[in-house]
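Accompanying notes for the structure given below.
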Amino acid sequence: MKYKDTPRHMRALYPKFKQYGISGTQLSGGVISGYEQNKYLIGLNWIKEAEEMLRTDPIVAQSWYILKQTLLSATWRFKPGIEGDPTSEKLADYANEAYGFDGYPGQMRVSFEEQLAYLLEFIPIGYRYAEEVYKIGSDKDGNSRIWLDIYADREPSSHSDWISRNGQILDGVLQNTVGIEVTPEPIPSNKLLLLTLNRTGNNYEGVGLLRRVWWAWRLKQRSCNLMAIALDRYAVPTPRITVDRAAAELGGYSDGDIDAMIDDGEAQAQALIAGERQYLIENEVIKFDTYAAQSNSYSQAPIDTNTYCDNQISQAFLTQFTNLGITDTGARSVGEVHLSIFRRSAINLCDIIASQISGKDRPGGGTIGRLIKFNFGYIDQSKLPRLVHTGLDTDHLAESLAMLPTLVQSGVLTPTDSDEQVLRDLFGLNELPDDSKRSSLERAASNSKSSGAALLAEQLIKQRKKAAKDG
């Protein structure tokens, strides 16, 4: 029954499909506004400022390097949308061959891991997009397929406008002409991989990690400049000339003689500061002293300020564990907590990339959905391959190794061949030989201080279970 033919009293059972509200993002003339209140950090000004931060500040560079290298250490592959489904398995196999996962050499001209190095740059700045470039080639069975050739990087510094017909749906992007290159054409949104951090509404530019540390970075710059000025001004004491008028009168010197002595003293002081003179000559009228020569007092406050700013920057990237050992806190347990939070954050960042590449064809995402549609037509969305990553999860077994002996001795855990093999894999050892495998009874006996008693108790328990089963 059609909706219009449904009785009025039954229409209340249907959901309201009409969209009433808007995202609230101010997207006008291709420019997003209303989020950033600092006018110097809008558009290309922010991109230049962020790139300057990464190039010049060692703590910013270190924090981002640690996070980026952690993200690059992940292992990627496509999994079938439905495990065991032949169509899903076939599509996942095509996706792995396209990207070079799961043992395939890949069909792209540049490996996915190498492209990931610039795709990840959306994290510090807030956004980054790449244009999908396709090609035609043969798969492993000789069939002609359409492949993704490369995610062509598009620098945020070349971005001009976000194209949207109604301000709510992204239709594409427009870039500026850079240098003497040809004028770029608008890139359709269904040919883009758009990565955004902390996106809300239709704010495609998001909020990058560097935005949160910009104030600390500027304060650190100001502090360093003031410290350099102080070093230049006070590290070499400023000579001060004093004139003893009483001694001049007693000596019978005229005003002209005194002025000549002052000029001579001034010349000596200038030569000393310029490094042209190593000593000063005084007399009973002209004496030399120093001005504001307090050792190191001019540098401690800026150093404390810089330390505070460095901590703020590290905390924004969740790499504050790198400060352990050089601060008043150096406990291993504190470092493990920080590292665990850091790894979980890294996992979530990888999830952003995985979700954008996975899924159906859509504006700014769904690369694999487009490739599947190009090659296999329209497929049930539930069967589309899912991009997953491994290698960043917390290894609970490794963290629990210290508790294993207690658990075994207390009888809570009974070691088996599979447990032993998992531990051998963790330590990088070869597979356990068949002739070396032991039963849980043998392990319990060898791991107990009273092995004979443990063996006897285990035998009695088995006999009781067998008698109960037979009887």
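Round to the nearest 0.05 the FRET efficiency obtained for D259 and T238 when R0 = 22 Å and r is the Cβ-Cβ distance.
The calculated FRET efficiency here is 0.50.
List the GluC sites (Glu not before Pro) in the stretch 118-159 that DSSP assigns to loop (not H, G, I, E or B) and whose Cβ has at most 14 other Cβ atoms within 10 Å. Which are they?
none
Would you be so kind as to identify which of I125, P186, W76 lies farthest towards the positive end of the dipole of the stretch 65-196, taking Lys and Arg as +1 and Asp and Glu as -1 on Cβ and the Cα centre as origin?
I125
What whole number of Å gives the distance from the Cα centroid of the stretch 380-394 to the Cα centroid of the stretch 70-86?
Rounded to whole Å, the Cα centres lie 4 Å apart.
If you find the alpha carbon centre of the stretch 338-373 and of the stretch 203-261, how far apart are they in angstrom?
First find each Cα centre; the distance between them is then 53 Å.
R240's amide H: which non-local residues (gap 5+, or another chain) put their own amide H closer than 5 Å, with H modeled 1.01 Å from N in plane and none for Pro or chain starts?
Amide H neighbours of R240: D289, T290, Y291.
For the stretch 1-78, state which trypsin sites (Lys or Arg not before Pro) are in a DSSP loop and have at most 13 other beta carbons lying within 10 Å of their beta carbon.
K2, K16, K18
Kindly state, to the nearest 0.05, the FRET efficiency for N166 paired with I42, given R0 = 25 Å and r defined as their beta-carbon distance.
In this case the efficiency is close to 0.60.
Using θ = phi - 60° and the Karplus relation 6.51 cos²θ - 1.76 cosθ + 1.60, list the HN-Hα couplings for the stretch 104-119 in order, rounded to whole Hz, with x at every Gly or Pro.
Each residue of the stretch 104-119 in turn: 7, x, x, 9, 7, 5, 10, 4, 4, 4, 5, 5, 4, 4, 9, 5 Hz.
Tell me, what is the FRET efficiency for Q221 and D141 to the nearest 0.05, using R0 = 60 angstrom and their Cβ-Cβ distance as r?
In this case the efficiency is close to 0.55.
Once phi is turned into ³J(HN,Hα) by the Karplus curve 6.51 cos²θ - 1.76 cosθ + 1.60 with θ = phi - 60°, what whole-Hz value does each residue of the stretch 348-356 show in order, with x for glycine and proline?
Per residue, the Karplus-derived 3J(HN,Hα) values read 5, 5, 5, 4, 4, 5, 4, 5, 6 Hz.
Enumerate by residue number the chymotrypsin sites (Phe, Trp or Tyr not before Pro) in the stretch 230-321 meeting two conditions: DSSP loop (anything except H, G, I, E, B), and at most 16 other Cβ atoms within 10 Å of the site's Cβ.
Here the chymotrypsin sites (Phe, Trp or Tyr not before Pro) that fit, given the DSSP loop and packing criteria, are Y279.
Between D5 and E282, what is the label-point separation in nm under the 7 Å Cα-to-beta-carbon projection?
Roughly 11.3 nm, to one decimal.
Looking at the square roots a ≥ b ≥ c of the eigenvalues of the Cα gyration tensor of the stretch 238-291, which shape do they give, rounded for a/c under 1.5, prolate if a/b is larger than b/c, or oblate? Could the numbers behind the result be given before it?
Details: a/c = 2.73, a/b = 2.03, b/c = 1.34.
Prolate, because a/c is 1.5 or more and a/b exceeds b/c.
Subtracting the Cα-Cα distance from 0.36 nm times the residue separation, let me have the gained length for R464 to T406 in nm, one decimal. Working shown, then result.
On the way: separation 58, 0.36 × 58 = 20.88 nm, distance 2.66 nm.
Additional length available on full extension: 18.2 nm.
Can you compute the modelled spin-label distance between Y14 and Y291, with each label point 7 Å from Cα toward Cβ, in nm?
8.7 nm
With each label point set 7 Å from Cα along the Cα-Cβ vector, what nm distance links Q62 and Q270?
It works out to 4.5 nm between the two label points.
Report the residues of the stretch 68-91 in range of a label on L339: point 7 Å along Cα→C-beta, backbone N strictly under 20 Å from it.
Hits in the stretch 68-91 for L339 at 20 Å: 68-75.
Amide H neighbours of I163 under 5 Å, counting only residues 5+ apart in sequence or on other chains, H built in-plane at 1.01 Å?
Result for I163 returns D171, G172, V173, L174.
Rounded if a/c is under 1.5, else prolate if a/b beats b/c, else oblate: with a ≥ b ≥ c from the C-alpha gyration tensor eigenvalues square-rooted, which is the stretch 1-76? Mind dumping the intermediate values first?
Numbers: a/c = 5.45, a/b = 2.16, b/c = 2.52.
The shape class here is oblate.
Amide H to amide H, which residues 5 or more places from Q26 or on other chains are under 5 Å from it, using H placed in the peptide plane?
Sorted by chain and number, the residues that satisfy this are S33.
Taking θ = phi - 60°, what integer Hz values does the Karplus form 6.51 cos²θ - 1.76 cosθ + 1.60 yield along the stretch 205-211, in sequence order, with x for Gly and Pro?
8, x, 9, x, 5, 5, 4
Towards the positive end of the charge dipole of the stretch 101-168, with charges on Cβ (+1 Lys, Arg; -1 Asp, Glu), say which of N166, F112, I150 has the farthest Cα.
Farthest along the dipole direction, towards plus: N166.
Just so you know, all these numbers are worked out from the coordinates, no wet-lab data involved. Owing to the predicted nature of the structure, the values given are computational and were not obtained by experimental measurement. Note that we place each Cβ from the backbone using ideal geometry, even for glycine, and neighbour counts take in every protein chain shown.
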